[in-house]
Structure formats: C-alpha cells, structure tokens
Amino acid sequence: MSTDNDIYQEIRPYNNEEIAPAIGRLINDEEFISAILNHKFNNHAKWFQALMSPLVKLYLKNRWGKLNSIDSVQIEVEKYLKKALDSTTDSVTFEGLDKLDQDTPYLFISNHRDIAMDPALVNYGLHNTNHKTVRIAIGDNLLSKPCATELMKVNKSFIVKRSAKGPREMMKTLGLLSSYIKHSLETGNSIWIAQKEGRAKDGNDFTDPAIIKMIQLEGRKRKMPFAEYVKSLKIVPVAISYEIDPCDIAKANELYQKAEKGEYQKSEFEDIESIVKGITGYKGRVNVSFGDVIDSDLESPEALADEIDRQIHENYKLFPINLLAAGVADSTIDQVTKDKFDEKLAQLEEGAKSFLIDGYANPVRNVSKDTSELVA
C-alpha cells in the first residue's frame, strides 16, 4: 500500500515495506529495552539491568533483524504464542473453523476477556487451519508509549482512536474507522474487533450497539440498507472461553473499588501489567468457538447486537468452575475445583468476593439452553 494519498495511514497497520524500519526503531527504543529488562530481571539491581541492556539489543538484532514482512512477523509471533500456550494452558481447542471458507474475509466480533490473548487466539486458530490471520482493532488508550504503537502496528493492528474530542472530530474518526474496516474486507483482509469497548470484567458478554453503529457508518455513506450492509460484512461471532482468568483477582478488586468509591484509578502501567499477566498467567483449558455467518435480515443495530450475543452465549464453553460459581450442582465439580476457587476468594476482601463469583457465574446465567449440554 503506497503512503501517497493514503487516507488510512494514521490508523492502519504497517505494510511490508515499513516492517524492517519499525523493527529497527523498536530495538533502539530505550523504553522498550527497559521494559524487557524489568520483566526478565525484576529481581536484579539496576546496575545489572544496565549491564544486560546491550546484550538484549544484540539478541533482538539477531532474532528480529531479518524480519522484513508481515508474514515473517506473524511466524515469529506464532512461535512466542505457542510457547506461551504450552506453558500456561492445559489445552486449547477450536470449534467452527470448518464452516468458514479459507478465501473469504470475515468480520469477527468476539467477547472480550483478555487484552492481548483474545485476538491472538483467534489468529492462532485461523493460522493453523490455513485461513488468513486478521487485522486487529486496538484502542489508542493502550498506545501511550511509541514502542507499544510499533509493536502493535507490525503485528497487523489498527488503531481505534478513543481519545478523539468533540462531536465533529469523533464522527470524522469513527467514519474513517468504519471505512477502513469495509476497505479491509473488500481487499481480502479479515478483521477482529471486540463486542464492546474494554474487557467484560464481570463476565457479562454483551455487544454494545454503539460498536454496530460505528461499523454501519460506511454503509450509511454508501446509502445501503442496514440488512444488506450487514450481510456484505460477513460477520462471525466468536466465543472465547478461559477456564481460569489470570486477571480475575485484579478485575474483582477493580469492580469492588468502583462500587465502593464510585471510581477506580488505574496505575500508569496497569494496562501493560494486565497484558503480561494475561499472556503469562495460568488459564487452564481454553476454547474458541467460531459461530455462523450472520446472513439473516436484521433491521437495526440492536437486533444485530442481540444475534451476536445469542451466538456468543450459546457457544461459550462452560467449565466446572463456572457451574460452581453459579451454584449449579454437577458431577464435574470436584474437590480440586472447589479448593482452587476458595484459594482465589481468600485473596480478596470480603466485599470483593461477590465480584469474583459473578465473573465466573455470569456466563452460566447468560446461556439460554440447558447448561448440562455445554459442560466441558
């Protein structure tokens, strides 16, 4: 893609020609190197980290120096992801991919539990079944550091500008985003976007109609009827289920603080810490279920949101810990599950415990069919 008259340049991922320079900037970014050192050697003195800095840069040059295309980055990311999944999960299963055509671009709309792992798992399933990986929608609130922007844009992420101010600027920003999503699909590139802004920290997976209205803006510009435009997008709802949420304690604490004090103040690096915790924390079993392409005549954003929710709730994989939290008597709930859940509850203040329980119980409450059919 040429940068001449490139209306999407500010929000789109890097193209092949931009990958190598971006990798070079990353390797020479002191904040990026410091972040790696703090993560790898957080128990060591600052002088030791400073001593290791040139070696980390040399390692990255040897490891990443040959990355000069989107595909080469994706292959490298897949190696890291496989290693992470092998060490933090008991199993990762995928359902519904056999229903999707390998040459058709789709708009995947999924529930949102983990900042980095949700789109990574969708991509992992697609890549391992010879489908093209997705372009990933990511909020600019996660891109406060230049190195974060570089990392995301080399890995097929495009930017959702949530920081836009004023009605006119917001409409312009949302219109460009909607146009980019449709442009991507029309040029053979699938898209991943979460069903609402921010993670479902309470375990309630519901689609925000505002997301649908944003996606629809390009359809309105083209004067296409809502139902016709929706069909052209080939929307596929995706249900991502983690047996154990590595960030569950932090989410429960945040919700408790908001309920008690009316607000919650994030620390400077809290989003980054959540990303790291989500990648490196234990997840138990993980299931990713791809739903059916939505091709029915839906006449409003609310009706489309309801259909996305229906498929996500129906395809969500319920684990014994979900049933335990919801108070459902089931033979799959063993003493190990009860002990692990009690250990989690013991880490929380009394008032925060109900938020952890709800986080695991709400998927059960949202399932419209008999829960016994969906037990893992």
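Numbers below:
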item	result
Pair list, Cβ under 7 Å, 6 or more apart: the range 85-113 residue at negative phi and touching a residue at least 24 places away in the same chain (Cβ under 8 Å), other residue in a helix (DSSP H, G or I) and exposed (fewer than 14 other Cβ atoms within 10 Å of the Cβ)	Thr88/Thr280
Boolean, Thr149 is assigned to a helix (DSSP H, G or I), free of Cβ contacts under 8 Å to residues at least 12 places away in the same chain and of a type in the set (S, T, N, Q)	yes
Odd one out for Asp309 among (1) at pLDDT below 95; (2) among the charged types (D, E, K, R); (3) part of a helix (DSSP H, G or I); (4) closer than 30 Å to Met224 by Cα	(1)
Members of the range 326-344 found to be outside any loop (DSSP other than H, G, I, E, B), among the hydrophobic types (A, V, I, L, M, F, W, C) and surrounded by fewer than 17 Cβ atoms within 10 Å (Cβ to Cβ), listed by number	Val336
Test: Asn189 is outside any helix (DSSP H, G or I) and within 22 Å of Asp295 (Cα to Cα)	yes
Selected residue (criterion: modelled with the lowest pLDDT) from residues of the range 345-376 that are of a type in the set (D, E, K, R) and assigned to a helix (DSSP H, G or I)	Glu373
Residue match in the range 218-235 (condition: in a helix (DSSP H, G or I) and touching a strand residue (DSSP E or B) at 6+ places or on another chain (Cβ under 9 Å))	yes
Failed item in (1) on the phi > 0 side of the Ramachandran plot; (2) touching a His at 6+ places or on another chain (Cβ under 9 Å), with Gly327 passing the rest	(2)
Segments classed as helices (runs of 4 or more DSSP H), wholly inside the range 6-109, with at least 1 members that are at pLDDT 95 or above and either under 20 Å from the mean Cα position of the chain (by Cα) or buried (at least 18 other Cβ atoms within 10 Å of the Cβ) (or both)	16-27, 70-88
All positions within the range 279-305 that are among the β-branched types (Val, Ile, Thr) and in contact with a strand residue (DSSP E or B) (Cβ under 9 Å, 6 or more places away or on another chain)	Val286, Val288, Val293, Ile294
Counted residues, the range 117-133 - those being in a loop (DSSP other than H, G, I, E, B) and of a type in the set (Phe, Trp, Tyr)	0
Residue count for the range 134-143, restricted to those that are in contact (Cβ under 8 Å) with a residue 60 or more places away in the chain and either surrounded by fewer than 21 Cβ atoms within 10 Å (Cβ to Cβ) or assigned to a helix (DSSP H, G or I) (or both)	2
Only listed residue being charged (D, E, K, R) and more than 20 Å from the chain's Cα centre (by Cα), chosen from Arg168, Arg135, Arg162	Arg168
From Glu218, Glu197, Glu228, residue being modelled with pLDDT under 95 and acidic (Asp, Glu)	Glu197
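The values are calculated or read from the model by the stated rules, or taken from the named source; none is laboratory data. Please read these numbers as outputs of a predicted model, since none were measured by experiment. Cβ sites come from the backbone with ideal geometry, for glycine too, and all protein chains shown count toward neighbours.
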